[in-house]
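To keep things clear, I will list the structure first and then write my remarks on it.
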Amino acid sequence: MTKQRVIGIGETVLDILFKDDQPLKAVPGGSTFNSIVSLGRAGVPCAMVTEAGGDHVGDLICNYLRDNGVSPEYVCRHEQVKSHISLAFLDEHNDAQYVFYKDHAGVSLDGKLPEMNKNDVVLFGSFFAINPAIRPVVGELLRAARKADAWLYYDVNFRKPHIADLPHVMPNIEENMSLSDVVRGSMEDFVYLYGLHDGDAIYERVSLYCRTLILTDGARSIRAYSPEGCETYPVQAIETVSTVGAGDNFNAGYIFAMLQGVNDQASRIEMAQRWSQDVCRQMGNNISDDLVASIKTTYK
């Protein structure tokens, strides 16, 4: 099992899942958070750079990280602030529609931060990675990681509620791409960012900043772009219980494969899909105990 450290940089919320307007489960979440917890469960040394309130939910978040093998050393706690809440309403296809209760302008990172090293892997994304309120700190961390020759994976994860912010945050998005070894985004992300629906046109824009793009599109084929061309990978149809955390665990599976020395893109994406599909078959944000057991048996 690899001993390289993965550092996640992203927001943390308490996800409350609903089906038919009835609450089913509450679990700490957030895009990068979900990825990091799954990697921690798989035995990868991980730490999470995030912020949380000084409330009971914040305690729950830190305990959840510890229980899943992730260091909470860099969770910035704010005693007079309430932790963020997310309501996820599952539709008839078990896709989630979200309602968030949080104050992006009130986010701050003024606690202990990691020193970036050459062997580190840095996973970051969503609005947390471009939020002007904390960009000076996040940007400095990412630039330090690039300077140290760490390996950076950027999940764009840009959502419709932030379209009005786009003129102010586009420079941060483009800098994130330029600092990254891999950019992963959904078709939806790039429709919001560039108004583009064509994968080749999207890569033409992204390649100005990053040479490797992984483009996902729900149940449609995954496309992996590089200067050598585009490879297409079909998505296996499965019966889902919840799609919450599907993309996050795609990221985690891809990173896990890379950490195990898997160099070919097809095998990395195969692992990414395995992790994503595992999460979709259950009500939760992270890979299952069965997959964890299989991983720890295979990768000793």
How many residues are within 18 Å of H162 (Cβ to Cβ), in a helix (DSSP H, G or I) and open to solvent by 20 Å² or more (accessible area, probe 1.4 Å) if we restrict to the range 188-200? 4
Among the residues listed as S35, S83, the single one being touching a strand residue (DSSP E or B) at 6+ places or on another chain (Cβ under 8 Å) and either at pLDDT below 95 or surrounded by fewer than 21 Cβ atoms within 10 Å (Cβ to Cβ) (or both): S83
In contact with a Leu (Cβ under 9 Å, 6 or more places away or on another chain) and either closer than 23 Å to P227 by Cα or of a type outside the set (K, R) (or both): is that true of G185 in this structure? yes
For the range 251-279, how many residues meet the condition of being of a type in the set (A, V, I, L, M, F, W, C) and open to solvent by less than 10 Å² (accessible area, probe 1.4 Å)? 8
If I ask for residues that are open to solvent by less than 50 Å² (accessible area, probe 1.4 Å) and either in contact with an Asp or Glu (Cβ under 9 Å, 6 or more places away or on another chain) or within 16 Å of I163 (Cβ to Cβ) (or both), which ones from the range 203-214 would you list? C210, T212
Need pairs with beta-carbon distance below 6 Å; first residue farther than 15 Å from F128 by Cα and within the range 92-104, second surrounded by 15 or more Cβ atoms within 10 Å (Cβ to Cβ) and aromatic (F, W, Y); sequence gap 6+ or separate chains. Q97/F89
Evaluate the following for D290: is it open to solvent by less than 50 Å² (accessible area, probe 1.4 Å) and assigned to a helix (DSSP H, G or I)? no
Breaking point among (1) surrounded by fewer than 18 Cβ atoms within 10 Å (Cβ to Cβ); (2) under 18 Å from the mean Cα position of the chain (by Cα), for G111: (2)
Taking the range 241-250 and the residues there that are among the hydrophobic types (A, V, I, L, M, F, W, C) and in a loop (DSSP other than H, G, I, E, B), the one that is least open to solvent (accessible area, probe 1.4 Å) would be V244
The strands (runs of 3 or more DSSP E) lying wholly within the range 93-177 that contain at least 2 residues that are over 30 Å from D20 (Cα atoms) are 121-125, 151-155
Residues (in contact (Cβ under 8 Å) with a residue 24 or more places away in the chain and either of a type in the set (A, V, I, L, M, F, W, C) or open to solvent by 50 Å² or more (accessible area, probe 1.4 Å) (or both)) located in the range 221-240: I222, R223, A224, C230, E231, V235, Q236, I238, E239
I'm trying to understand the selection: among the residues of the range 118-156, which are under 20 Å from F256 (Cβ atoms) and either open to solvent by 20 Å² or more (accessible area, probe 1.4 Å) or over 14 Å from the mean Cα position of the chain (by Cα) (or both)? K118, N119, D120, A145, A150, W151
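The values are calculated or read from the model by the stated rules, or taken from the named source; none is laboratory data. A quick note: this is a predicted structure, and the numbers were derived from the prediction, not measured. A quick note on method: Cβ atoms are made from the backbone with ideal geometry, for glycine too, and the neighbour counts reach across all protein chains shown. Accessible surface areas use protein heavy atoms only, side chains included; no ligands, DNA or RNA. Shrake-Rupley method; radii C 1.70, N 1.55, O 1.52, S 1.80 Å.
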